[in-house]
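As structure tokens, the structure follows; a few thoughts come after it.
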């Protein structure tokens, strides 16, 4: 993955405090209530998505998991897709009713990571089933970040489920209280 430098002195800096992070968690919960969508799992991308994911998982009583960038978590892909292990009973390799709703959170819109995750999950679990994966990206899996830096280039179906709280089309530095 090509990563932007952590801090670029030529970019504006948006500084967050702990109160901002709590407010961000509350705003994400409000968005979920409005959509009547509650994840089964909240996944925090380490390091910048972990605190936000922890707060949200506690507020909505959902299981919390973490991922490191470039760490493949195929079991999450299988849960999102609704993989069936007892094919003889179900007569299908997946069941829409068994799909887990998953919210993946990062501090900022790391386009390379989110695009990698979409590609990783889809290539690890029924890679030829694009139509089914489109439903997963539209309904089961959502992505969120506190800050967005530039136009998002995520897979068009996954992009519909991306939420930001601080949105700009400029590159900016995001300074979080845990990275000070």
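Scanning the range 1-20 for residues that are modelled with pLDDT of 85 or more and either in contact with a helix residue (DSSP H, G or I) (Cβ under 6 Å, 6 or more places away or on another chain) or assigned to a loop (DSSP other than H, G, I, E, B) (or both) yields a total of 2.
The C-beta contact set for the range 3-25 (first residue under 13 Å from residue 179 (Cβ atoms), second residue in a loop (DSSP other than H, G, I, E, B) and at pLDDT 55 or above, distance under 7 angstrom, 6+ apart or interchain) comprises 16/176.
Being without any contact (Cβ under 8 Å) to a residue 12 or more places away in the chain and part of a helix (DSSP H, G or I) is true of residue 30.
Within the range 122-132, being part of a helix (DSSP H, G or I) and over 16 Å from residue 73 (Cβ atoms) holds for 130, 131, 132.
Of everything listed in (1) surrounded by 20 or more Cβ atoms within 10 Å (Cβ to Cβ); (2) within 24 Å of residue 26 (Cα to Cα); (3) in contact with a helix residue (DSSP H, G or I) (Cβ under 6 Å, 6 or more places away or on another chain), the single unmet condition for residue 77 is (2). Restricting the range 33-55 to residues that are free of Cβ contacts under 8 Å to residues at least 60 places away in the same chain and under 21 Å from residue 136 (Cα atoms) leaves a set whose member that is nearest to the chain's Cα centre (by Cα) is 53. Restricting the range 22-43 to residues that are out of contact with any strand residue (DSSP E or B) (no Cβ under 7 Å at 6 or more places or on another chain) and buried (at least 19 other Cβ atoms within 10 Å of the Cβ), the residue that is farthest from residue 76 (Cα to Cα) is 25. Exactly one residue among 102, 46 is over 23 Å from residue 18 (Cβ atoms), in contact with a strand residue (DSSP E or B) (Cβ under 6 Å, 6 or more places away or on another chain) and modelled with pLDDT of 85 or more, and that residue is 102.
The values are calculated or read from the model by the stated rules, or taken from the named source; none is laboratory data. A quick note: this is a predicted structure, and the numbers were derived from the prediction, not measured. Neighbour counts are summed over all protein chains in view; Cβ atoms, including those assigned to glycine, are modelled from backbone coordinates with ideal geometry.
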